[in-house]
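Peer 1: Sharing a structure here in structure tokens format.
Since every read-out is calculated from the coordinates, none of them should be taken as a lab result. Note that the structure is predicted; figures quoted are calculated from it, not measured. Don't worry about glycine lacking a Cβ; one is built from the backbone with ideal geometry, like all the others, and counts go over all protein chains shown.
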Amino acid sequence: MGRLLGVLRLFRHDILVMLLSLKSRQTPRKVKGMMLLAILYLLSPIDLIPDAIPVLGMVDDVVIVPAAIAALMRLLPYGVRSDCERQADYILKHAKLAGVLVTLFLLAWGGVIVWGIYKLVS
């Protein structure tokens with residue numbers, strides 16, 4: 001259970017860094033566009049692997065979205081990334097509500113995926 005919480009904390013931090021970098025003027029437009037595409041892909045009902053295919057339809061969201069976040073974090077310029085990481089650390093340390101909301105979002109996303117897999121299998 002501790003390992004799962006550690007992964008959620010890391011992912012929560014990266015999502016917050018991405019959102020903060022979206023409002024930074026120093027973030028290249030190309031990176032901002034790719035971030036918005038990653039968010040749209042997550043929310044879109046259209047996937048690379050259709051959700052009608054049991055298990056594989058849900059797995060693509062679990063693999064593609066974290067991979068996109070990791071790749072986009074590497075594309076951020078060093079100054080923007082370090083500044084946004086400092087802001088994210090401050091927010092997660094001092095603003096418990098923001099951390100709770102991001103955690104709830106991640107848990108809800110995971111719950112929807114588990115529910116979808118359960119419905120497809122049963």
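Peer 1: Just how many % of Cα pairs in region 59-102 lie over 14 Å apart, if you round to the nearest whole percent?
Peer 2: Details: 594 of 946 pairs.
So the portion of pairs separated by more than 14 Å is 63 percent.
Peer 1: Label 7 Å along Cα→Cβ of residue 106; region 28-51 residues with amide nitrogen under 18 Å?
Peer 2: Inside the label zone: 39, 42-43.
Peer 1: Helix 29-43 versus the longest principal axis of the chain: what angle, 0 to 90°, nearest 10, using Cα atoms?
Peer 2: Here the helix axis deviates by roughly 30 degrees.
Peer 1: Something else about it: Roughly what % of Cα-Cα distances in the chain sit above 18 Å, to the whole percent? Intermediate values should be presented prior to the final figure.
Peer 2: On the way: 4167 of 7381 pairs.
Result: 56 percent of Cα pairs exceed 18 Å.
Peer 1: Near residue 81, within a Cβ-to-Cβ distance under 13 Å, what is the net charge of the other residues, with Lys and Arg +1 and Asp and Glu -1? If you can, show how the numbers build up before the last one.
Peer 2: Numbers: positive: 74, 86; negative: 14, 83, 85, 89.
Taking every other residue near residue 81 into account, the sum is -2.
Peer 1: Given the options 102, 80, 59, which has the most mean-square fluctuation in a GNM of the chain, springs set between C-alpha atoms less than 10 angstrom apart?
Peer 2: 59
Peer 1: Within a Cβ distance under 14 Å of residue 22, other residues only, what is the Lys/Arg minus Asp/Glu net charge?
Peer 2: Details: positive: 23, 25, 29, 30, 32, 81; negative: 14, 83.
With Lys, Arg at +1 and Asp, Glu at -1, the neighbours total +4.
Peer 1: About its Cα centre, how strong a charge dipole does region 21-99 have in debye, to the nearest 20, once Lys and Arg get +1 and Asp and Glu get -1 at the Cβ?
Peer 2: Details: 10 positive and 7 negative charges, 125 e Å.
In total the dipole reaches around 600 debye.
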